[in-house]
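**Student:** Okay, here's the structure, questions in a sec.
The values are calculated or read from the model by the stated rules, or taken from the named source; none is laboratory data. Note that the structure is predicted; figures quoted are calculated from it, not measured. So basically every Cβ, Gly included, is an ideal-geometry build from the backbone, and we count neighbours across all protein chains shown. For accessibility, only protein heavy atoms count, side chains too; no ligands or nucleic acids. Shrake-Rupley method; radii C 1.70, N 1.55, O 1.52, S 1.80 Å.
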Amino acid sequence: MSYRIVAGGLERHNAAEILRIEPWGPDAVRVRASSGSIDPSAPGALESPEPCPHAELSASGDGCARLVNGLVAVDASADGRLTFRHAVSGRELLAERSPHAHHTGSRVHATAGRTAQSFEAYDGERLHGLGQHLHGRLDQKGCVIDLVQTNTEVTVPFLHSSRGYGLLWNNPATGRVELGADATRWTADAGGRIDYWITVGDTPARILDSYTRATGRPPLLPEWASGFWQSKLRYRSQEELLSVARQYRDRGLPLSVIVCDFFHWPRMGDWRFEESEWPDPAAMVKELSDLGVELAVSVWPTVEPDSDSHDELRSAGHLLRDAGGGLLTFPWPSRYGGDALLRPMAYYDATHPGARAALWQRLNRNYRSLGVACFWLDACEPDLPLDRAARAVYAAGPAAEVANLYSREHTRAVADGLRAAGEDRPLSLVRSAWAGSQAHGALLWSGDIPTTFDSLRRQIRAGLNVAMSGIPWWNTDIGGFFGGDPDDPAYRELLVRWFQYGTFSPVMRLHGDRQPNYSAFAADMTGGPNEVWSYGEEAYGILRDHLLLRERLRPYLRRLSEDAHRTGAPPMRPLFFDFPEDARAWEVDDQFLLGPDVLVAPVAEAGVRSRRVYLPAGADWRDPVTGRELRGGTTVDAAAPLERIPHFVRQGADAAAWLG
């Protein structure tokens, strides 16, 4: 059971498992274990590694081994336990607990291929990333996170540690991660394999650089995407949508994107405009383009039985199957047959290359040919009750083994199509993502969320964890999604505060299902007004000023897009990202940095007109409103009148000119 050096890595074989440890990109290693052979084609997030010519491997006669690759060192004990250290200092960063799950001599359980891997826990360690979760915490130590995809809960199984490492659980199986006080434990429900990747870095920036190098760099943000996005549930016709865009022009308000929401199609799976309500979409796109506005179009993965694509997709094997037999379906409203009609909708299989090609063929013919280059990939978990989702059989395998792949592969379908059409900056608004989604232009939003201050507070922490998951482009429905009365003074205050937060978010998008709501289903479904002039004169003046502020920020956002594309650095990030030597910066979870130069302190409570703001040590700061200069490493009482939220600029930064 001693280690051998095989094909540039370490291997250990025994009766229960094969263990392989190998360098995988700069400062990183990959660990795989299986009760049978290690399958190199098993689905995951890692791209082919860069060569590691300076990696050092050794195996000793006492059954132990060692691998050093840049900053990471792995000590492999005779019983198969691995300890990861900083290669320069020798400090222990992370260590496996006994790999012998249930004393089987293997990480792989004997029952149904379920796998588990446990690691030691460390006092004072802070854990970030893991995608988007609305538990309201930035540091997730003590949390149990289910590795599933649902509306508002997004699994990206990458964990960033304050101890100086990042860990990718490179397995799309459903499962969970338990971040306990005594151990960290990852489990996969099926698949019969362990596959994880670890990188070591002296700063959070270096860790994310390594992670996005291994899983794919995000493309540059399209120029149009950094401005203001107008949306609501939903504009019901070509004329209604155009009238909103025209009014932005007439009011002299900047507008970059307007969104055409669901049920603009005849049937789910037609993936085209309904002719009577959208009679000349080419002319609509042309008029919007003349106004400097991009059209984003909703695309759902659901397929109605008598839609244009259903029979073709079914005969080609491009629809999800049910483990119990036949197609996997779920009832959903249809435009036809009355509001109460629920029809069994099937789902195209994004894990099938042929299905992705078939989807893009229709999107290209019915939208892209008209000039549409931005797609809103809604409900792309896919949106199913968990018990129904567990029965899905994908081309890539059963749900328990591969379900978390779906959203990434759906985003890939559009990115591959856009790139083939000559678009080198693909971007899709998505409700779900997985490791590597950033490489396909995923713009994640936080799903259908409540319209409350508590919800806003949760978004702040959730967005920062998304940033630490390697996904740079993220946003929320400004104002929340479910409800909100434009005539209610209390809601107007919430909307203003959320709009101010959105101004400094990576992408700024106003959306929601406002009161009064009209019709619960299909063709007539729409919410109340949700334009910036819908909330009264006082709010309108504030929102207008923030639209203009967003415009001034766009050159800075362009620079941040270049940084994200080059190094994976997220535009919105926790204070500790740029100030890792400042212990207090690791504790602050209700402020954030927009790039290296702008510090933002959202107001997320009703009636608040001032708040405490921590200014990180290592830089001096300036209030762009008052001109006041402030020392880093201090806490200040900052004014927060309804007209603005506290924000500060690093002394000497170019951003000062943009913020005014």
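**Student:** Mind counting the residues in the stretch 477-497 that are among the β-branched types (Val, Ile, Thr) and either out of contact with any helix residue (DSSP H, G or I) (no Cβ under 6 Å at 6 or more places or on another chain) or open to solvent by 10 Å² or more (accessible area, probe 1.4 Å) (or both)?
**Tutor:** 0
**Student:** To continue, here is another question. Being open to solvent by 10 Å² or more (accessible area, probe 1.4 Å) and under 17 Å from Ala87 (Cβ atoms) is the filter here; which residues of the stretch 189-202 pass it?
**Tutor:** Within the stretch 189-202, just Asp202 meets the criteria.
**Student:** Given the options Ala389, Ala358, Ala395, Ala403, name the one that is surrounded by 23 or more Cβ atoms within 10 Å (Cβ to Cβ), hydrophobic (A, V, I, L, M, F, W, C) and at pLDDT 95 or above. So that I can check it myself, show each step before the final result.
**Tutor:** Values: Ala389 fails: surrounded by 23 or more Cβ atoms within 10 Å (Cβ to Cβ); Ala358 fails: surrounded by 23 or more Cβ atoms within 10 Å (Cβ to Cβ); Ala395 fails: surrounded by 23 or more Cβ atoms within 10 Å (Cβ to Cβ).
Result: Ala403 is the single residue among Ala389, Ala358, Ala395, Ala403 that is surrounded by 23 or more Cβ atoms within 10 Å (Cβ to Cβ), hydrophobic (A, V, I, L, M, F, W, C) and at pLDDT 95 or above.
**Student:** From the list Gln459, Gln515, Gln500, which residue is open to solvent by 10 Å² or more (accessible area, probe 1.4 Å) and either farther than 25 Å from Leu134 by Cβ or not basic (Lys, Arg) (or both)? Walk me through how you get there before you give the answer.
**Tutor:** Numbers: Gln459 fails: open to solvent by 10 Å² or more (accessible area, probe 1.4 Å); Gln500 fails: open to solvent by 10 Å² or more (accessible area, probe 1.4 Å).
The unique qualifying residue is Gln515.
**Student:** On to the next question. Taking the criterion of being aliphatic (A, V, I, L, M) and open to solvent by 60 Å² or more (accessible area, probe 1.4 Å), would at least one residue in the stretch 5-12 satisfy it? Outline the logic, then answer.
**Tutor:** Quick first cut of the stretch 5-12, residues aliphatic (A, V, I, L, M) only: 5-7, 10.
Next, only the ones that are open to solvent by 60 Å² or more (accessible area, probe 1.4 Å) stay: 5, 7.
Yes, there is a match, as at least one residue in the stretch 5-12 is aliphatic (A, V, I, L, M) and open to solvent by 60 Å² or more (accessible area, probe 1.4 Å).
**Student:** Which condition from (1) at pLDDT 95 or above; (2) outside any loop (DSSP other than H, G, I, E, B); (3) surrounded by fewer than 19 Cβ atoms within 10 Å (Cβ to Cβ) is the one that Val88 breaks?
**Tutor:** All conditions are met except number (2).
**Student:** For Arg509, all conditions in the list (1) open to solvent by less than 30 Å² (accessible area, probe 1.4 Å); (2) assigned to a helix (DSSP H, G or I) hold save one; what is the number of the exception?
**Tutor:** Result: Arg509 fails condition (2) only.
For every residue, the table says whether it meets (1) open to solvent by 10 Å² or more (accessible area, probe 1.4 Å); (2) of a type outside the set (Asp, Glu).
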{"residue": "Val177", "(1), (2)": "no, yes"}
{"residue": "Pro204", "(1), (2)": "no, yes"}
{"residue": "Ile207", "(1), (2)": "no, yes"}
{"residue": "Arg236", "(1), (2)": "yes, yes"}
{"residue": "Arg251", "(1), (2)": "yes, yes"}
{"residue": "Val259", "(1), (2)": "no, yes"}
{"residue": "Asp270", "(1), (2)": "no, no"}
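**Student:** Taking the stretch 547-577 as the search range and keeping residues that are assigned to a helix (DSSP H, G or I) and basic (Lys, Arg), which one is surrounded by the most Cβ atoms within 10 Å (Cβ to Cβ)? Don't jump to the end; show me each part of the working.
**Tutor:** Looking only at the stretch 547-577, we keep the residues that are assigned to a helix (DSSP H, G or I), and these are 547-567, 575-577.
Remaining after also requiring basic (Lys, Arg): 550, 552, 554, 558-559, 566.
Numbers: Arg550: 21, Arg552: 13, Arg554: 16, Arg558: 13, Arg559: 15, Arg566: 13.
Ranking the qualifying residues of the stretch 547-577, first place goes to Arg550.
**Student:** If you don't mind, there's one more thing I want to ask. Only residues that are in contact with an Asp or Glu (Cβ under 6 Å, 6 or more places away or on another chain), surrounded by fewer than 20 Cβ atoms within 10 Å (Cβ to Cβ) and of a type outside the set (S, T, N, Q): list them for the stretch 133-154, please.
**Tutor:** Selection gives Val144 alone.
**Student:** Another question about this same structure. Between residues in the stretch 576-597 that are charged (D, E, K, R) and residues that are at pLDDT below 95 and open to solvent by 10 Å² or more (accessible area, probe 1.4 Å), which pairs lie under 9 Å by C-beta distance while being six or more apart or on different chains?
**Tutor:** Asp597/Gly652; Asp597/Ala653; Asp597/Asp654; Asp597/Ala656
**Student:** Which condition from (1) part of a loop (DSSP other than H, G, I, E, B); (2) under 23 Å from Leu549 (Cβ atoms); (3) within 27 Å of the chain's Cα centre (by Cα) is the one that Phe648 breaks?
**Tutor:** Exception for Phe648: condition (1).
**Student:** Given the residues Leu377, Leu370, Leu429, which is the only one that is modelled with pLDDT of 95 or more, in contact with a helix residue (DSSP H, G or I) (Cβ under 8 Å, 6 or more places away or on another chain), crowded, with 22+ Cβ neighbours inside 10 Å and not acidic (Asp, Glu)?
**Tutor:** Leu377
Residues are listed down the side, and each one gets a yes or a no for (1) of a type outside the set (Val, Ile, Thr); (2) closer than 30 Å to Ala399 by Cβ; (3) modelled with pLDDT of 95 or more; (4) open to solvent by 10 Å² or more (accessible area, probe 1.4 Å):
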{"residue": "Ser106", "(1), (2), (3), (4)": "yes, yes, no, no"}
{"residue": "Ala112", "(1), (2), (3), (4)": "yes, yes, no, yes"}
{"residue": "His128", "(1), (2), (3), (4)": "yes, yes, yes, no"}
{"residue": "Gly131", "(1), (2), (3), (4)": "yes, yes, yes, no"}
{"residue": "Val156", "(1), (2), (3), (4)": "no, yes, yes, no"}
{"residue": "Leu159", "(1), (2), (3), (4)": "yes, yes, yes, no"}
{"residue": "Leu167", "(1), (2), (3), (4)": "yes, yes, yes, no"}
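**Student:** Another one. Restricting attention to the stretch 31-64, report how many residues are polar (S, T, N, Q) and in a strand (DSSP E or B).
**Tutor:** The first filter runs over the stretch 31-64 and keeps only residues polar (S, T, N, Q), leaving 34-35, 37, 41, 48, 58, 60.
Okay, now just the ones that are also in a strand (DSSP E or B), so 34, 58.
The qualifying residues number 2.
**Student:** While we're here: Go through the residues of the stretch 615-626 one by one and say whether even a single one is crowded, with 21+ Cβ neighbours inside 10 Å, of a type outside the set (D, E, K, R) and out of contact with any strand residue (DSSP E or B) (no Cβ under 7 Å at 6 or more places or on another chain).
**Tutor:** Looking through the stretch 615-626, at least one residue is crowded, with 21+ Cβ neighbours inside 10 Å, of a type outside the set (D, E, K, R) and out of contact with any strand residue (DSSP E or B) (no Cβ under 7 Å at 6 or more places or on another chain).
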